[in-house]
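Below is one structure, written out as structure tokens; comments come after it.
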Amino acid sequence: MTKSTRIKVFIGFLLLLILLLLFAKYLRVPFLNIRLEDAIPQQTAFLISFKKDQLSQEFNHEVFITLIPNSLKTDLANFEEIFGDKLPIPGNQRLLAAIQPSRTSGIDLMFVLDGARKSDLEAILSTSKEWQVRTSVFKNRNVYTVKVGGQSFALAKYRNLLLFGRHAYLLENAISQ
């Protein structure tokens, strides 16, 4: 190959890389992170974006207080009670709660958190003997259902996102997006 051909090939690869980075919003490129909103299922009735610190503070804004269901606070507190030291949720990090209507309890919640690319869920879940862990595979992704006492949570990792909620089908809907 001549020097001019090598330069043309290099420029072509460089342009292709720039195009991939520019269109990353529309293309799913494996080495790039995805946004939190990309994991929200279509049947979501209500979406709340918040930081964990906001739930512990007293807000004078009545609309914010009435829109946050009590089950969101209890589910998040129960998750932190079980997984707090192994899967901490930073207080200043953005978190999404997808609220979906349910026939049994009224609403089902699924939480989406960024920053799970480096965490190994299988290793984390194998550290405690009191947890009953069941693993299922959905579209080549592991979905873990963890039971502790009377509580159960489903966890899944999709690229850079950590998905967790009460029921595994919520996570499977998010993964299938």
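Structural remarks
- For the stretch 162-177, backbone phi angles converted through the Karplus equation (6.51, -1.76, 1.60; θ = phi - 60°) give residue-by-residue couplings of 9, 10, 8, x, 6, 10, 5, 5, 5, 5, 5, 4, 5, 5, 6, 4 Hz, Gly and Pro being listed as x.
- Rounded to 10°, Cα long-axis angle of helix 3-22 versus longest principal axis of the chain: 20
- Relative contact order, percent, the chain [alpha-carbon distance under 8 Å, six or more residues apart]: 20
- Over the chain, accessible surface divided per residue gives 62 Å², non-protein components excluded, 1.4 Å probe.
- Against the chain, whose longest principal axis comes from its Cα atoms, helix 70-83 is set at around 70 degrees.
- GNM flexibility winner over the chain from ALA45, ALA98, ALA154 (Cα, springs under 10 Å): ALA45
- Packing-based ranking, highest mean first, of 7-14, 47-54 given that Cβ atoms within 10 Å are counted: 47-54, 7-14
- For q = 0.19 Å⁻¹, Debye-computed log10 I/I(0) when each Cα of the chain counts as one equal scatterer: -1.34
- By accessible area, using a 1.4 Å probe on protein heavy atoms only, the chain has 56% of its surface on carbon and sulfur.
The values are calculated or read from the model by the stated rules, or taken from the named source; none is laboratory data. It should be emphasised that the depicted structure is a prediction, and the values quoted were computed from it without experimental measurement. Glycine also receives a Cβ, built like all others from the backbone with ideal geometry; neighbour counts cover every protein chain displayed. Remember, those area values only see protein heavy atoms, side chains included, never the ligands or the DNA or RNA. Shrake-Rupley method; radii C 1.70, N 1.55, O 1.52, S 1.80 Å.
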